[in-house]
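Quick notes on the structure that follows.
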Amino acid sequence: MKYNRVLIKLSGEALAGDQGNGISGEILNKISSEIASLQKTGCEIAIVVGGGNIHRGVAGATSGMDRATSDYMGMMATVINSLALQDALERRNVYTRVLSAIAMQEVAEPYIRRRAVRHLEKKRVVIFAAGTGNPYFTTDTTAALRANEINADLIMKATKVDGIYDKDPMKHKDAKKFDKLSYIEVLNKDLKVMDSTAITLCMDNDMDIVVFNMFEEGNIARVVQGENIGTVVTKKA
């Protein structure tokens with residue numbers, strides 16, 4: 001394997017599948033199967049999952065809700081998704097721990113960096129829930145923060161498309177795919193693969209990002225093995 005410890009960023013919308021909201025059992029089983037296969041190779045895996053399939057903080061704020069309140073609701077949504085993913089993984093006999101940035105001891109452990117690292121060393125899959133525990137920060141920023149805290153080798157941004165394009169490939173047939181980009185290019189081109197705070201945090205700490213299609217079977221393992229899958233965001237393109 002090229003990477004021994006990775007952080008996988010899953011969007012909440014991805015868990016919804018074609019139904020648009022909620023959690024798709026089919027998608028959950030597919031994702032958990034891929035992660036279980038990777039875990040058997042000995043790779044240390046951390047996961048940050050979004051909550052957009054249940055509630056998006058920004059969307060709530062634009063409809064008149066207090067932004068901080070809406071963001072906290074979004075954090076609660078990520079806990080629901082994290083518990084669902086944990087259940088799916090443990091049904092595949094994968095030892096898993098959910099660590100929440102907001103205390104809810106009945107369902108998740110509190111986030112403590114050293115505890116998270118220890119779980120990873122014991123080959124448990126660690127799922128980071130409730131974002132950073134603060135409003136105004138996205139789960140993309142959470143992924144960048146946690147990846148650096150646990151000294152991950154790579155952030156794997158799992159999406160519905162096979163990389164980063166100059167425009168939405170779902171809407172534009174002439175969209176151009178990038179094989180490699182620098183952090184500065186992502187910011188200057190306003191590509192929105194991750195928010196600017198997350199990209200800047202990765203840039204300041206030389207944390208590479210691979211954006212790939214998670215719905216193609218075996219892609220997660222291919223990325224970890226170092227195959228040229230998706231788009232790489234790194235210091236120098």
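Values quoted throughout were computed directly from the atomic coordinates according to the rules given, and no laboratory measurement underlies them. The shown structure was predicted, so the numbers you read here are calculated from the model rather than taken from an experiment. Neighbour counts run over all protein chains shown; Cβ positions are idealised from the backbone, glycine included.
Entry remark, the range 197-237: residues being more than 16 Å from Leu38 (Cβ to Cβ), polar (S, T, N, Q) and touching a Phe, Trp or Tyr at 6+ places or on another chain (Cβ under 8 Å) number 4 in total. Every residue in the range 94-117 that is without any contact (Cβ under 8 Å) to a residue 24 or more places away in the chain and not hydroxyl-bearing (Ser, Thr, Tyr), please. Matches in the range 94-117: Ala103, Gln105, Glu106, Glu109, Pro110, Ile112, Arg114, Arg115.
Checking each residue in the range 189-214 for being closer than 22 Å to Asn4 by Cβ, surrounded by 15 or more Cβ atoms within 10 Å (Cβ to Cβ) and in contact with a helix residue (DSSP H, G or I) (Cβ under 8 Å, 6 or more places away or on another chain) picks out Leu201, Cys202, Met207, Asp208, Ile209, Val210, Phe212, Met214. For the range 134-188, filtered to residues that are of a type in the set (D, E, K, R) and buried (at least 21 other Cβ atoms within 10 Å of the Cβ), the residue that is nearest to His119 (Cα to Cα) is Arg146.
Scanning the range 158-191 for residues being at positive phi and aliphatic (A, V, I, L, M) gives a total of 0.
Just one of (1) surrounded by fewer than 13 Cβ atoms within 10 Å (Cβ to Cβ); (2) not in a loop (DSSP other than H, G, I, E, B) fails for Ala221. It is (1).
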